[in-house]
């Protein structure tokens, strides 16, 4: 059977462990998922191999190596365990073990005979300490973050691994200036639909969870201002039910304040047909009015158990919504 990842790629993956990861990639070219995950696994194996060699060759650096290894493990130990479990399940035990064996062979052939002095060894140990703080190149960092915070995705956000996105100047922002923060492991990308300013997809673009920013012109006079009575009527359960598209199911509505604006969170379920199968989707929509425009932060999940997955991602979605800043109101 054909190998999932060829030897040339394996060599490239683990050599990443010995390069300067401070040079962050800005490339938008997205690698296939299998290649990206194999790269992350190779990165971990190459780092582990190099630390073991340093420990063996420079025994007086053992304490520094142990500290660096422990620090990195406290930051990304869950990532390694979850990544291995996923690859075994996704590729099959045999294919994963074959891949692991080929990688170890290549490591011994290339890095095994590589000579480095004490100063270089110390620099690498310090590099591992820096990697534990998230100073890792893209997309390895994003891949590790996804697997590290698999059980509690909101903790990625809480622990400071987040990216800010501002709508100012975007051709589909309709002149609005607002921003949110999303987890760093989510891939930002343009969307084809006319009202979607930006979308973010979990697992560096390969996940089934999406956050989208949208704004809709309500066709009202430019300086129109909704009265409190109108806002109270619109952001109520009855008002929210009127917003539910045909064919969708109303789940719940909760009124809330979004950066000083009266708004709410509408939850609806949909069943979407894709090719020859149907997908269950839940949409949690945070929205509010400003001027004559309606602003949306749409969070989408798909699952056979929408209730359970909603509970899993709700803390993160609330963190994202709470990060909202409408910049134009502070000018």
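The values are calculated or read from the model by the stated rules, or taken from the named source; none is laboratory data. Remember, it's a predicted structure, so these values are computed and weren't measured experimentally. Note: ideal-geometry Cβ built from the backbone for every residue, glycine included; neighbour counts use all protein chains shown.
Numbers below:
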item: Qualifying residue in segment 127-134 (condition: assigned to a loop (DSSP other than H, G, I, E, B) and either more than 19 Å from residue 54 (Cα to Cα) or not assigned by TED's automatic domain parsing to the domain that holds residue 32 (or both)); result: yes
item: Residue in segment 155-175 that is within 23 Å of residue 69 (Cβ to Cβ) and touching a strand residue (DSSP E or B) at 6+ places or on another chain (Cβ under 6 Å) present; result: yes
item: Filtered residue count, segment 152-167, keeping only those that are in contact with a helix residue (DSSP H, G or I) (Cβ under 7 Å, 6 or more places away or on another chain) and either at pLDDT below 95 or part of a loop (DSSP other than H, G, I, E, B) (or both); result: 2
item: Test for residue 117: is it outside the structural domain of residue 259 (by TED's automatic domain parsing), over 14 Å from the mean Cα position of the chain (by Cα) and more than 22 Å from residue 67 (Cβ to Cβ); result: no
item: Pairs with Cβ under 7 Å, 6+ apart, first in segment 315-331 and assigned to a strand (DSSP E or B), second buried (at least 17 other Cβ atoms within 10 Å of the Cβ) and modelled with pLDDT of 95 or more; result: 325/178; 325/259
item: Out of 195, 238, sole residue that is loosely packed, with under 14 Cβ neighbours inside 10 Å and farther than 30 Å from residue 40 by Cβ; result: 238
item: Segment 101-117: number of residues that are over 14 Å from residue 50 (Cβ atoms) and either crowded, with 17+ Cβ neighbours inside 10 Å or in contact (Cβ under 8 Å) with a residue 12 or more places away in the chain (or both); result: 1
item: Selection status of residue 298, in the same structural domain as residue 176 (by TED's automatic domain parsing), part of a helix (DSSP H, G or I), touching a strand residue (DSSP E or B) at 6+ places or on another chain (Cβ under 9 Å) and in contact (Cβ under 8 Å) with a residue 60 or more places away in the chain; result: no
item: Identity of the residue in segment 136-151, in a loop (DSSP other than H, G, I, E, B) and touching a helix residue (DSSP H, G or I) at 6+ places or on another chain (Cβ under 8 Å), that ends up farthest from residue 42 (Cα to Cα); result: 151
item: Selection count where residues are outside any helix (DSSP H, G or I) and under 15 Å from the mean Cα position of the chain (by Cα), scope segment 301-314; result: 1
item: Residue 117 vs. criteria within 19 Å of residue 202 (Cβ to Cβ) and out of contact with any strand residue (DSSP E or B) (no Cβ under 7 Å at 6 or more places or on another chain); result: no
